[in-house]
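As C-alpha cells, the structure follows; a few thoughts come after it.
Please treat every number below as a calculation from the coordinates, not as lab data. Everything quoted here is computed from the prediction, not taken from an experiment. Please note: Cβ atoms are built from the backbone with ideal geometry, for glycine as well, and neighbour counts cover all protein chains shown.
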DNA sequence: TTTTGAGTTGTTCGA
DNA sequence: GTCGAACAACTCAAA
C-alpha cells in the first residue's frame, strides 16, 4: 500500500502544520497511511548543546504521544535515512516545511536528489515563519536591510489563517530507534511539547499581554512570553500566535502591547530573511566595524571570556544573566543584550565566541536569531546598533531590575544585599568576600571600545 | 535620478 | 531628579 511520509524537523506539532495537512490529504486520497518521521541528524546532534538535545528529546516524546505512539525516530544522516524510509514503505512523497537556514537548505537539496533516485519527491509546504524568508522585497527588488521598512512590508503582506489540525491521522507502524538519553547541563529546563506551548501561550495571553510593552524589559518579573523555545522547535507556529493576537485585540487587549508583540515576531522573521539572503552571516560580520583581529584572541581574551562565561565578571547583572543561562538554558532578552555588549565592548572579544557559547547552552538556540542578534549588539549587522551604544551594566540593572530581585535570584553571594545596592557591591561598606571584583573598569573599557571604533572608521 | 525622511532596545554631560 | 542634546555620519527605501 502506498504510504506518505511527513518528515518533522523544526515543526514538532500537529496543529497548524500545513505540511502535515498536505501529507494527510495525499494519503487519504489513496487510502494510504502516514509515516511520521523524525531523523536524529548526527551533524546536528553533535553540534547542539546538551540542553537543546534534552529539550528536543522531551519534545519528541510529546510528539510521539500525540501520534498515538507511532512517531518513527531514526538516527543517522537524513540523506540516507529519508530515502531509505521512503523506499521501505513505497512512498512517492515526503512532505516537509521548507528550511531556510544554511545547513537545512543544503541538506534538503541533497535529500531531494537522493529521493529522486528512489522515485520519490520532497514536497515542501509552508515554513516556520508567517511569511517565508526571501518572499519580501523592496520596491527595487532587493532584500530588506533595515528592520522598520521590512516590518511595514511584512504587516502589509499578511499571512494565512492557521491550518486546521487533521483528525484521525492513519499513522503507519514502523520500527523506531529509541530516543537517546540526553542529560541537560542545566538544572531546570522549560517543559517541552505542543501542549506545553499551548498552555504557556494562553497563560501569557491571559496574564501577560496587557502591559507586555514595558514588562518585557524586566528580568525580575515574568514579563516575557517565554515562547522562544516553543517557536524554535515549532511546537507552535507564529501564524497561530498572530491569529490569537488579533483575536485578543478584538477582545480588548491594548493595541500597543499587541503591536509590540507582533513587532517581536517581525524581528524573528527579519533575522530569518537576512540569513536566507546572507548565509555567511552565520559566521562572519556583515559589516566590518573594526578589523577582525582587533577583537581579542590570545591568552588575555581567553581568560576574559572564561570569566564572562562562568558569570564571574564582578558586574552583578552580567553575572546573573550568565548564571541564569547555565542553570536554565535560557536568558532574559534584555540581559542577553547586556551580557553581549559586555563581552564585545568591555572585554573586546569577538561576537562569534559569545554566540557560540549561547548556542551551546540555549534551549531556544537558533542560528538566525542568535547570530544576528549578536551582530546587532556588536554593531556588525546590517541594521545594527550604532557603535556608540554601549550598555552600562549598572545603569541597566538599576533601570530594569530596580529592586535587585533578579540579581539576588541568580547570584547567591549577593543574596543578603538589599535593594538596588546589589548592582554596585563594590560600594558596600563590606562587600561580600566570595563575590569577585570587577574584572575590568566599565568606564575605561567603554572609552577603549569607542576609540577603537573611531579609529577604524577613519 | 534625485531627494527626503528615517533609523529597537543607550549613555553621558550639562543645565 | 529630570530633561535635551550630543554622539556621527551613513545608508536605506520610497516618493
Item checked: Burial ordering of A:173, A:263, fewest other beta-carbon atoms within 10 Å first -> A:173, A:263
Check: Given only helices, namely DSSP H runs of n ≥ 4 each adding -39500 (n - 2.57), what is the per-residue ellipticity at 222 nm of chain A, to the nearest 500 deg cm²/dmol?
Finding: -15000 deg cm²/dmol
Margin query: Past the 16 angstrom mark, what percentage of all C-alpha to C-alpha distances in the range A:298-427 do you count?
Written below: 60
Note to self: How far apart, in nanometres, would the label points at residue A:302 and residue A:160 be if each is projected 7 angstrom from Cα along the Cα-to-Cβ direction?
What the structure shows: 5.2
Check: Going highest first, how would you order A:328-340, A:215-227 by mean Cβ packing within 10 Å?
Finding: A:328-340, A:215-227
Check: Going by average Cβ neighbours within 10 Å, how do the peptides A:82-91, A:342-351, A:180-189 rank, with the highest at the top?
Finding: A:342-351, A:82-91, A:180-189
Item checked: Contour excess over end-to-end distance, with Cα ends at residue A:421 and residue A:433 and 0.36 nm allotted per residue -> 2.7 nm
Check: On full extension of the chain, what length is gained from residue A:356 through residue A:80, given 0.36 nm per residue of separation minus the C-alpha to C-alpha distance?
Finding: 96.5 nm
Notebook entry, point to check: In the range A:3-127, if every C-alpha pair distance is counted and binned at 10 Å from zero, what percent goes to each bin?
Noted result: 13, 47, 35, 5, 0
Margin query: Based on C-alpha coordinates, I'd like the Rg and Dmax of the range A:8-78, in Å.
Written below: 13.3, 42
Notebook entry, point to check: How do A:33-46, A:277-290 rank on mean C-beta neighbours within 10 Å, highest first?
Noted result: A:33-46, A:277-290
Notebook entry, point to check: In bins 20 Å wide, starting from 0, what share of all Cα pairs of chain A does each bin hold, as a percent?
Noted result: 23, 54, 21, 2
Item checked: For chain A, share of DSSP beta bridges that run antiparallel, in % to the nearest 5 -> 0
Margin query: Can you give me the C-alpha center-to-center distance between the range A:309-333 and the range A:94-153, rounded to a whole angstrom?
Written below: 34
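Between residue A:259 and residue A:145, what FRET efficiency comes out of the Förster formula 1/(1 + (r/R0)^6) with R0 = 22 Å and r the beta carbon distance, rounded to 0.05?
Rounded to the nearest 0.05, the efficiency is 0.45.
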Check: How far, in degrees from 0 to 90, does helix A:238-250 lean away from the longest principal axis of the Cα atoms of chain A, to the nearest 10?
Finding: 70
Checklist line | Label-to-label distance, nm, for residues given as residue A:203 and residue A:188 (7 Å Cα→Cβ offset) | finding: 1.1
Margin query: For the range A:195-277, what does the convex hull of the Cα positions come to per residue, in cubic angstrom?
Written below: 98
Next item on the list: Starting from the Cα of residue A:287, step 7 Å along the direction of its Cβ; do the same at residue A:447; then give the gap between the two resulting points in nm.
Entry: 2.6
Check: Looking at the range A:71-163, what % of the alpha carbon pairs are farther apart than 16 Å?
Finding: 64
